[in-house]
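The values are calculated or read from the model by the stated rules, or taken from the named source; none is laboratory data. Please read all numbers here as calculations on a predicted model, not as lab measurements. In this analysis, Cβ positions are derived from the backbone assuming ideal geometry, glycine residues included, and neighbour counts consider all displayed protein chains.
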Amino acid sequence: MITQDGKVAVAYYQTIPHAIKVNEYTYAFVVRANICMAWVSENDVDAVLRITKTCCGGHRKVVYRFANENDVRRWTNGGGS
């Protein structure tokens with residue numbers, strides 16, 4: 001889990017920019033370097049990670065995950081090192 005200033009890096013499973021509202025706060029997931037990511041308040045991380053979508057005949061799929069060090073570096077720097 002990568003943290004910065006009380007926020008946690010969370011990635012979305014697709015490269016689709018979007019926003020979600022959790023506990024009265026809106027998080028914008030932005031695509032950079034082919035990674036869709038947002039910095040989420042530590043208080044809201046569990047709620048975000050529990051969000052699922054329905055696919056493939058009604059099966060639920062987890063769509064958010066902790067961004068790893070490589071994701072954060074690439075997203076922050078716009079790709080590369």
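Some notes on this structure:
- The residues of region 31-53 that are among the hydrophobic types (A, V, I, L, M, F, W, C), surrounded by 15 or more Cβ atoms within 10 Å (Cβ to Cβ) and under 12 Å from the mean Cα position of the chain (by Cα), listed by number, are 31, 35, 36, 37, 38, 39, 40, 45, 48, 49.
- Residue ID - surrounded by the fewest Cβ atoms within 10 Å (Cβ to Cβ), chosen from residues in region 15-29 that are touching a Cys at 6+ places or on another chain (Cβ under 9 Å) and within 15 Å of residue 48 (Cα to Cα): 18
- Condition met for residue 62 (at pLDDT below 95, among the β-branched types (Val, Ile, Thr), in contact with a strand residue (DSSP E or B) (Cβ under 7 Å, 6 or more places away or on another chain) and surrounded by 10 or more Cβ atoms within 10 Å (Cβ to Cβ)): yes
- Pairs, first over 17 Å from residue 4 (Cα atoms) in region 22-41, second of a type in the set (Asp, Glu) and outside any strand (DSSP E or B), C-beta under 9 Å, six or more apart: 22/44; 23/44; 25/44; 33/71; 35/71
- Residue match in region 30-46 (condition: in contact with a Ser or Thr (Cβ under 7 Å, 6 or more places away or on another chain), part of a strand (DSSP E or B) and more than 11 Å from residue 67 (Cβ to Cβ)): yes
- Residues satisfying the stated conditions in region 47-81, i.e. free of Cβ contacts under 8 Å to residues at least 60 places away in the same chain, of a type in the set (D, E, K, R) and assigned to a helix (DSSP H, G or I): 73, 74
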